Amino acid sequence: MALISRTHTCACCSDGQGGNQDTHFDRRHFLRLGAGAGLAATFPTFSFGATGKYEAMLLTCIDPRFPERTIRYMERRHLAGKYSQFTFAGAAIGVVAPAFRDWEKTFWDNLAASIKLHNISRVIAMNHRDCSAAEIAYGKDKVINSRIETETHRAALMEFRRQVGERHPTLAVETGLMSLNGRVEMFS
């Protein structure tokens, strides 16, 4: 590993006359290297990746109104720190809707990575009410009132469940629809 040479103008790293000297190594960089080597020697099997056994992967939407509500939901289920998360517009709708077909591969690749790296046993898909991605994917008439909106999400979540079952038959699937107040209606 090469050390970086930098120009210094301080008295302690100069030629004694307050001038520049390009041949001295950056002391902070050198100390960081030494600390890193000490850490590596102390913990030779230390891994910087998040591999191991986790409970689930959570699929959520990008809507900025829902991250805190979703975290509170996962905490109530005692899953804090026990799941990976994948987020894109529409959550399960982003996986199954023809309007978002280009995103499908990205999700399935990410799920496969989470299975491999985190040894998850389930995926939790959490759609939400008042979702603009649902309107983009299916049209305004599919989210016009609460009953129709619920059925639109139920159909997308059931299709998501079916597709996960085809690709990963041993993976459990949980699907839910979160309201604006954070209440979750689970679909089986």
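Side notes on the structure shown:
- The stretch 133-150, subset under 17 Å from ILE62 (Cβ atoms) and not β-branched (Val, Ile, Thr), residue surrounded by the most Cβ atoms within 10 Å (Cβ to Cβ): ALA134
- The single residue among HIS118, HIS168, HIS153 that is surrounded by 13 or more Cβ atoms within 10 Å (Cβ to Cβ), over 16 Å from THR60 (Cα atoms) and in contact with a strand residue (DSSP E or B) (Cβ under 7 Å, 6 or more places away or on another chain) turns out to be HIS118.
- Looking at TRP108, TRP103, just one residue is in the same structural domain as HIS153 (by TED's automatic domain parsing), free of Cβ contacts under 8 Å to residues at least 40 places away in the same chain and closer than 22 Å to ALA137 by Cα, and that residue is TRP103.
Quick grid of which residues meet (1) of a type outside the set (D, E, K, R); (2) assigned to a strand (DSSP E or B); (3) without any contact (Cβ under 8 Å) to a residue 24 or more places away in the chain:
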site: THR150; (1), (2), (3): yes, no, no
site: ARG154; (1), (2), (3): no, no, no
site: GLU166; (1), (2), (3): no, no, yes
site: THR175; (1), (2), (3): yes, yes, no
site: LEU180; (1), (2), (3): yes, no, no
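- Tabulated pairs, the stretch 77-97, first touching a residue at least 24 places away in the same chain (Cβ under 8 Å) and on the phi < 0 side of the Ramachandran plot, second part of a loop (DSSP other than H, G, I, E, B) and not hydrophobic (A, V, I, L, M, F, W, C), C-beta under 7 angstrom, 6+ apart or interchain: LEU79/GLU55; LYS82/TYR54; LYS82/GLU55; TYR83/TYR54; TYR83/GLU55; SER84/TYR54; ALA97/GLY90
- Only listed residue being over 17 Å from the mean Cα position of the chain (by Cα), under 24 Å from TYR73 (Cα atoms) and modelled with pLDDT of 95 or more, chosen from THR150, THR170: THR150
Rundown of residues vs (1) in contact with a Gly (Cβ under 9 Å, 6 or more places away or on another chain); (2) at pLDDT 95 or above; (3) closer than 14 Å to LEU177 by Cβ, yes/no style:
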site: ILE124; (1), (2), (3): yes, yes, yes
site: ALA134; (1), (2), (3): yes, yes, yes
site: GLY139; (1), (2), (3): no, no, no
site: SER146; (1), (2), (3): no, no, yes
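- Taking the stretch 80-93 as the range and being closer than 17 Å to ILE120 by Cα and out of contact with any Leu (no Cβ under 8 Å at 6 or more places or on another chain) as the test, the residues that pass are ALA80, GLY81, LYS82.
The values are calculated or read from the model by the stated rules, or taken from the named source; none is laboratory data. What you are looking at is a predicted structure, and each value in this text was computed from that prediction instead of being measured. All Cβ positions, glycine included, derive from the backbone under ideal geometry; neighbour counts span all protein chains shown.
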